[in-house]
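A.B. asks: I have a structure I would like to understand better, so I am pasting it below and will then ask my questions one at a time.
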Amino acid sequence: MAKDPLDEAGLHFDELNKLRVLEPEVNQQTTELKEECKDFVDKIGQFQKIVGGLIELVDELAKEAETEKMKAIGARNLLKSVAKQREAQQQQLQALIAEKKMQLERYRIEYEALCKVEAEQNEFIDQFILQK
Amino acid sequence: MRLKTSLLKEPKHRELVSCVGWTTADELYSCSEDHQILRWNLLNNETNVVVNMQEDIYPIDLHWFPKSSGGKKQALAEIFVLTSTDGKFHLVSKTGRIEKSVEAHRGAVLAGRWNYDGTALITAGEDGQIKIWSKSGMLRSTLAQQGSPVYSVAWAPDCDRILYTSGKQLIVKPLQPSSKVQQWKAHDGIILKVDWNSVNDLILSGAEDCRYKVWDCYGRLLYVSSPHDYPITSVAWAPDGEVFAVGSFNTLRLCDKTGWSYALEKPNTGSVFGVAWSADGTQLAGACGNGHVIFAHVVEQRWEWKSFQITLTKRRAMQVRNVLNDAVDMLEFRDRVVKASLANGHLVVTTSLQCYVYSTKNWNTPLIFDLKEGTVSLIVQTERHFLLVDGGGIYVYSYEGRLVSSPKFQGMRTDILNAQSVSISNDTIAIRDKTDEKVVYLFDAQTGKPLGDGKPLTHKMEVMEIALDQCGPASDRKIALIDKNRDLYLSSVRHLSRSEHSIIKIGTMVKTIAWNDSVNILSGVQDEQFTVWYYPGAVFVDKDLLPKTLLMKDASELSSTPHILSYVGTQVTVRRVDGSLVYNAVSPYPAILHEYASTARWEDALRLCRFAKDQALWACLAGMAVANRELTTAEVAYAAIGEVDKVQYINFIKELPSKESSLAHMLLFSGHLQEAEATLMQAGLTYQAIQVHINLYNWDRALELAVKHKTHVDTVLAHRQKFLQDFGKKETNKRFLQYSEGVEVDWEKIQAKIEMELAKERERAATTSVRSSVAARR
């Protein structure tokens, strides 16, 4: 078949018999490509969103892990200091106990002195009664 | 006794508080490193900022200008000195305005202290210098200079000396440049704080070796504490010198003046950098390292008398417990209780404004009267009245609340009087002078006027402690005093003759004494012995008798510095150096004997002595009988203690013809030669007086009398000759040589003359015998 002179001029007719510059096939492929590109962009966007969410999540996790870590360190330190605190408290209580012990010793001496006085007085009474 | 502390939840200062100072009993100023001065009002619990100081002022120490004693208005009274790290001290007014800043030291000024009358200020610096400044902040002199910082400084009570720290050493330096400096090693660490009390003259020091120590003013160690966990950062005497406070890390301690601790508090304060007592001595404030200011007041003080036990439960309430029936009474007061005293059946309580007098028979209706001038620093009770000491004077009140008298003397300083330097009995008041400690002023309690010719009693040594006996007639009033050598002396307060007060030593190494409240029996701790002088008056009657009238008990358990709290009835209460109370029972017989003697029931007294079979009791009776010229009883008593010579002498006295000569011989018996002579001469018995001197080999006086009265010169010479012959000596006395020339000695003549004199006396006595025999029997 002889070449369509229109073809040669670079003009084509499509199915709807409209005059076109591009070949209908190419045109169709271009359109397809365009569609595909759009699809691709959409998909990439979606992917980015998902990845963003993931990063956020991981960040959050990291933060949490960090705080937990701090907490753990704090708790560990506290544990150490509690021992010291107890020591200090113990020291304080020891001092108070020592004080009370001294007071007790004073009372003991006082009691002994009073016992002695009582004995003396009893002796005196006995003597008094015997002599009468 | 213990401290009741109060601490806010949140500190008011942002930085550590370095110093605190009281203005009145309810207002406190505190300075902190946040450059603020805060005023704390305890009445309405308000705290407000007085001033925000410049950023470069870091305060270290503050001290209020002393309130003038004697009630004079002072223009400068509302000012305090504030020292800071930049080497300056600032005079700051009550409103917080800095009146004056003075460049004082290189490096920080570590301490600043006014003296007691406010005439001088002393500052101590990091540069090791101590400087004295005038009231207005002009430099007077640099007192001392050393290589290490002076952390603390204190004035002596007399303002003539200062005490300061030098590393581990304490130094007492008089202001006079030439006087001797005392220096001693006091601690094993750097000394951080010292204080010197004006009332009891004791020194207190706290150091980095975690101990606090109590010293007397000569640097003798009286008490050393056991080591604490942290350095002692502050010490402070209460104004009355009875207790002191010690501050350390998270620690506040209340201690007795002898050093033992009443109470320990462990508040959450950080280190307590400064402690200050309010002027009435009822509460204290501490400057805390964590920005807090801690307040504490003293509660649970105890008073005991016979069966009553009184406790200060709260600031304004007391609980009275009668241990016999367990009856409990609560006493409430309008203001804070400042001082209280329980003795002789009465409780005297002073608050900041009023005085309450309770009888132990009735706790419901006290007698209340207003006080002239706030703070009472001392209450001393006796049977009929009591004595109050405040900043302005000394007042004697009866238990009915009537002002009886108010004794005064030149240069009296009431703020430094304590129970050792004041004594009162029903009729007499004795006060030891402060400027000259050898002098004891005596006053009539009823009128407040000086006794006798107004001359005070002067001892040859500094007097440390005085005590008046509590009963018997006023004319017999005696004062016991302990001097600096710890010798115990007894003297009569009202003396009949115009001669000097005779002060007789009755004990050595006496640490403490107390008279019984109802009988004139003295108890004390002598060296290692607990001693009771059953009849101290014996020393005026028959000196040799005194050692026999003592009760001595081993008291090694009383150790170094015991203190007799009271001697009531038959019980002596002694506080040991460690603070424990020890009781000693004294036999009731001497008290009964005293009563018999004072009512002249000699028969009963004899019976009592025979019953008790106690040598000491017999000796007391002998003394009492002689003092009352009761010869028959005395004879029996002396016989009982085996003093044959004295029995003989008494027999001799009994046979004397006249009243006068027997009186004279009684005086001789007690060793009062001059009085005996005077008695005889008054009665015109010249020969007897001469004979007395001859018998005592008192030749000069015998001759002097004989020559003066132109009689019996030959008698004297004859006896002298005989004496010389007996001893194979030659006459060397010029006067005897002179008189013996013109006088012939004829023994027969002399005998005749003596006979004549005796007959004359007998004759004279016969005329008065009726009267005298009646008197003797009575």
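The values are calculated or read from the model by the stated rules, or taken from the named source; none is laboratory data. This one's a predicted model, so the numbers in the text were calculated from it and none came from an experiment. Every residue, glycine as well, gets a Cβ built from its backbone with ideal geometry; the counts of neighbours run over all protein chains shown.
A.B. asks: I'm trying to understand the selection: among the residues of segment A:1-33, which are in a loop (DSSP other than H, G, I, E, B) and polar (S, T, N, Q)?
C.D. replies: Across segment A:1-33, the qualifying residue is only A:Asn17.
A.B. asks: Which one of these is within 11 Å of chain A (Cβ to nearest Cβ) and either among the hydroxyl-bearing types (Ser, Thr, Tyr) or more than 29 Å from the chain's Cα centre (by Cα) (or both): B:Ala619, B:Ala612?
C.D. replies: It is B:Ala612.
A.B. asks: Being within 60 Å of the chain's Cα centre (by Cα), within 13 Å of chain B (Cβ to nearest Cβ) and on the phi < 0 side of the Ramachandran plot: is that true of A:Gln103 here?
C.D. replies: Taking the combined requirement at face value, the residue satisfies it.
A.B. asks: Let me ask you something else. Mind checking whether some residue in segment B:289-304 is within 28 Å of B:Val572 (Cβ to Cβ), in contact (Cβ under 8 Å) with a residue 60 or more places away in the chain, within 13 Å of chain A (Cβ to nearest Cβ) and among the polar types (S, T, N, Q)?
C.D. replies: The answer is no, given that none of the residues of segment B:289-304 is within 28 Å of B:Val572 (Cβ to Cβ), in contact (Cβ under 8 Å) with a residue 60 or more places away in the chain, within 13 Å of chain A (Cβ to nearest Cβ) and among the polar types (S, T, N, Q).
A.B. asks: Related question: So if I check each of B:Gln688, B:Gln721, B:Gln751, which one is in contact (Cβ under 8 Å) with a residue 60 or more places away in the chain and either under 23 Å from B:Leu663 (Cα atoms) or not in a loop (DSSP other than H, G, I, E, B) (or both)?
C.D. replies: On the way: B:Gln721 fails: in contact (Cβ under 8 Å) with a residue 60 or more places away in the chain; B:Gln751 fails: in contact (Cβ under 8 Å) with a residue 60 or more places away in the chain.
Of the residues listed, the single one that is in contact (Cβ under 8 Å) with a residue 60 or more places away in the chain and either under 23 Å from B:Leu663 (Cα atoms) or not in a loop (DSSP other than H, G, I, E, B) (or both) is B:Gln688.
A.B. asks: Among the strands (runs of 3 or more DSSP E) contained in segment B:287-388, which hold 3 or more residues that are touching a His at 6+ places or on another chain (Cβ under 7 Å), among the small types (Gly, Ala, Ser) and assigned by the TED database to the domain that holds B:Glu46?
C.D. replies: Those strands (runs of 3 or more DSSP E) do not exist here; none qualify.
A.B. asks: To continue, here is another question. Of everything in segment B:213-246 that's in a strand (DSSP E or B) and within 14 Å of chain A (Cβ to nearest Cβ), which residue is surrounded by the most Cβ atoms within 10 Å (Cβ to Cβ)?
C.D. replies: Among those residues, the one meeting the criterion is B:Ile232.
A.B. asks: Now, a different point. Report, ordered by the first and then the second residue, all pairs with beta carbons closer than 7 Å, sequence separation of six or more or different chains, a first member in segment B:254-265 that is at positive phi, and a second member that is outside any strand (DSSP E or B) and not acidic (Asp, Glu).
C.D. replies: B:Gly259/B:Ser225
A.B. asks: Considering only segment B:316-337, state which residues are within 17 Å of B:Cys355 (Cβ to Cβ), free of Cβ contacts under 8 Å to residues at least 40 places away in the same chain and surrounded by 16 or more Cβ atoms within 10 Å (Cβ to Cβ).
C.D. replies: B:Met318, B:Leu331, B:Phe333
A.B. asks: What residue, among those in segment A:75-100 that are within 20 Å of B:Leu3 (Cα to Cα) and among the charged types (D, E, K, R), is nearest to the other protein chains (Cβ to nearest Cβ)?
C.D. replies: Among residues in segment A:75-100 that are within 20 Å of B:Leu3 (Cα to Cα) and among the charged types (D, E, K, R), the one nearest to the other protein chains (Cβ to nearest Cβ) is A:Glu99.
Let's see how each residue does on (1) free of Cβ contacts under 8 Å to residues at least 40 places away in the same chain; (2) out of contact with any Ser or Thr (no Cβ under 8 Å at 6 or more places or on another chain):
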site: B:Ala616; (1), (2): no, no
site: B:Glu630; (1), (2): yes, yes
site: B:Lys646; (1), (2): no, yes
site: B:Leu663; (1), (2): yes, no
site: B:Phe669; (1), (2): no, yes
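A.B. asks: Specify the residue that is farthest from the other protein chains (Cβ to nearest Cβ); the eligible residues are those in segment B:574-589 that are free of Cβ contacts under 8 Å to residues at least 24 places away in the same chain and under 23 Å from B:Thr549 (Cα atoms).
C.D. replies: So the residue we want is B:Pro588.
A.B. asks: Which one of B:Ile592, B:Ile564 is of a type in the set (A, V, I, L, M, F, W, C), closer than 24 Å to B:Val626 by Cα, within 14 Å of chain A (Cβ to nearest Cβ) and not in a loop (DSSP other than H, G, I, E, B)?
C.D. replies: Being of a type in the set (A, V, I, L, M, F, W, C), closer than 24 Å to B:Val626 by Cα, within 14 Å of chain A (Cβ to nearest Cβ) and not in a loop (DSSP other than H, G, I, E, B) holds for just one of B:Ile592, B:Ile564, which is B:Ile592.
A.B. asks: Considering only segment B:84-142, how many residues are among the basic types (Lys, Arg) and either assigned to a strand (DSSP E or B) or within 17 Å of B:Cys19 (Cβ to Cβ) (or both)? First the steps, then the outcome.
C.D. replies: Filtering segment B:84-142 down to residues among the basic types (Lys, Arg) leaves B:88, B:94, B:97, B:100, B:106, B:113, B:131, B:135, B:140.
Next cut, either assigned to a strand (DSSP E or B) or within 17 Å of B:Cys19 (Cβ to Cβ) (or both) only: B:88, B:94, B:100, B:113, B:131, B:140.
Number of matching residues: 6.
A.B. asks: Across segment A:114-132, which residue is farthest from the other protein chains (Cβ to nearest Cβ) among those that are surrounded by fewer than 10 Cβ atoms within 10 Å (Cβ to Cβ) and not β-branched (Val, Ile, Thr)?
C.D. replies: A:Leu130
A.B. asks: Among (1) away from every other protein chain (no Cβ under 14 Å); (2) small (Gly, Ala, Ser); (3) over 57 Å from the mean Cα position of the chain (by Cα), which single condition is A:Gly52 missing?
C.D. replies: (3)
A.B. asks: Still on this structure: Kindly establish whether B:Ala285 is touching a Cys at 6+ places or on another chain (Cβ under 9 Å) and among the small types (Gly, Ala, Ser).
C.D. replies: Details: touching a Cys at 6+ places or on another chain (Cβ under 9 Å): no; among the small types (Gly, Ala, Ser): yes.
It is false that B:Ala285 is touching a Cys at 6+ places or on another chain (Cβ under 9 Å) and among the small types (Gly, Ala, Ser).
Here's the yes/no breakdown for (1) of a type in the set (Ser, Thr, Tyr); (2) touching a Lys or Arg at 6+ places or on another chain (Cβ under 8 Å); (3) in the same structural domain as B:Thr599 (by the TED database):
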position	(1), (2), (3)
B:Ile521	no, no, no
B:Trp533	no, no, no
B:Pro547	no, no, yes
B:Leu550	no, no, yes
B:Lys553	no, no, yes
B:Leu558	no, yes, yes
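A.B. asks: May I ask you to verify whether B:Glu643 is crowded, with 18+ Cβ neighbours inside 10 Å and out of contact with any helix residue (DSSP H, G or I) (no Cβ under 6 Å at 6 or more places or on another chain)?
C.D. replies: yes
A.B. asks: Next question. Go over the candidates B:Leu551, B:Leu481 one by one and state the one that is at negative phi and either more than 17 Å from the chain's Cα centre (by Cα) or surrounded by fewer than 21 Cβ atoms within 10 Å (Cβ to Cβ) (or both).
C.D. replies: Matching residue, one of B:Leu551, B:Leu481: B:Leu551.
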